[in-house]
1. If I filter region 4-25 for residues that are aromatic (F, W, Y), touching a His at 6+ places or on another chain (Cβ under 7 Å) and in a helix (DSSP H, G or I), do I get at least one hit?
2. Residues that are among the polar types (S, T, N, Q) and in contact with a helix residue (DSSP H, G or I) (Cβ under 6 Å, 6 or more places away or on another chain): does region 32-55 have at least one?
3. For region 29-44: of the residues being over 16 Å from R66 (Cα atoms) and out of contact with any Phe, Trp or Tyr (no Cβ under 6 Å at 6 or more places or on another chain), which is surrounded by the fewest Cβ atoms within 10 Å (Cβ to Cβ)?
4. Would you point out which residue out of G19, G26 is surrounded by 14 or more Cβ atoms within 10 Å (Cβ to Cβ) and in contact with an Asp or Glu (Cβ under 6 Å, 6 or more places away or on another chain)?
Amino acid sequence: MSESGQEFEFFVYRLEQLGQHRGATGAAVLRELDESGITSLVYQLYGQYHAERIENAFDDVAELLRSRRESLAAGSG
């Protein structure tokens, strides 16, 4: 498998884990990332998320979502 294929596979795996952690599906998490406009950012953080504890990745994504929602609510989206 190519490196980009492995990154994508890991991204999907992390989405499923995050969904399970939040009581949702990976598809629901992806939809939330898409609606917030941060899917590509989270995907680009592959290396960081691959190397750190899963809880850190969960916290980071939650913070990115919170920050983006605040930005959108303030009209600076």
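1. Pass one, region 4-25, residues aromatic (F, W, Y): 8, 10-11, 13.
Those left that are additionally touching a His at 6+ places or on another chain (Cβ under 7 Å): 10.
From what is left, the residues that are in a helix (DSSP H, G or I) are 10.
Scanning region 4-25, I find at least one residue that is aromatic (F, W, Y), touching a His at 6+ places or on another chain (Cβ under 7 Å) and in a helix (DSSP H, G or I), so the answer is yes.
2. Within region 32-55, the first condition is being among the polar types (S, T, N, Q), and the residues that meet it are 36, 39-40, 44, 48.
With in contact with a helix residue (DSSP H, G or I) (Cβ under 6 Å, 6 or more places away or on another chain) added as a condition, the list becomes 36, 39.
Yes.
3. Taking region 29-44 and keeping what is over 16 Å from R66 (Cα atoms), we get 40, 43-44.
Filter again for out of contact with any Phe, Trp or Tyr (no Cβ under 6 Å at 6 or more places or on another chain), leaving 40, 44.
Details: S40: 10, Q44: 12.
Of everything passing the filter in region 29-44, S40 is surrounded by the fewest Cβ atoms within 10 Å (Cβ to Cβ).
4. Working: G19 fails: in contact with an Asp or Glu (Cβ under 6 Å, 6 or more places away or on another chain).
Going through G19, G26 in turn, just one is surrounded by 14 or more Cβ atoms within 10 Å (Cβ to Cβ) and in contact with an Asp or Glu (Cβ under 6 Å, 6 or more places away or on another chain): G26.
Here, each number is a calculation from the coordinates, and none is a lab measurement. Please read all numbers here as calculations on a predicted model, not as lab measurements. Backbone-built Cβ (ideal geometry, glycine too); neighbour counts: all protein chains shown.
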